[in-house]
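The values are calculated or read from the model by the stated rules, or taken from the named source; none is laboratory data. For clarity, every value in this text was computed on a predicted model and none was experimentally measured. So basically every Cβ, Gly included, is an ideal-geometry build from the backbone, and we count neighbours across all protein chains shown. Only protein heavy atoms, including side chains, enter the accessible area calculation; ligands, DNA and RNA are left aside. Shrake-Rupley method; radii C 1.70, N 1.55, O 1.52, S 1.80 Å.
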Amino acid sequence: RLKGEVSQLKRSLQRAETEAKVLWEEMREKEPKVDTAYVQERVLLRQEVDKLRLLLLEKEDENLLLSDKY
């Protein structure tokens, strides 16, 4: 069950990254005056936070499995 949840979270992360890329491209095309460096930094930071959240969930799952085992 936990492995299924982790897989689902990974898929959600991939979808979010794809969505961020699409939004980034749309913003760049529609509003050239937007500070693209700022937007790109925000997107990258959000991706990093999401990756760290996923790692935390994976570690918590591993800890639960270990605690159940012992």
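Couple of notes before you dig in:
- Projecting the Cα atoms of Leu9, Met27, Leu65 onto the charge dipole of the chain (Cβ charges, centred on the Cα centre) puts Leu65 farthest toward the positive pole.
- Computed over protein heavy atoms with a 1.4 Å probe, the accessible surface of the chain works out to 90 Å² per residue.
- Ligands, DNA and RNA left out, the 1.4 Å accessible surface of the chain is 54% carbon and sulfur atoms.
- Among (i) 18, 46, 25, 9, 2; (ii) 18, 37, 22, 15, 6, 1; (iii) 19, 56, 23, 2, the entry that matches P(r) over Cα pairs in 10 Å bins from 0, in percent as calculated here: (ii)
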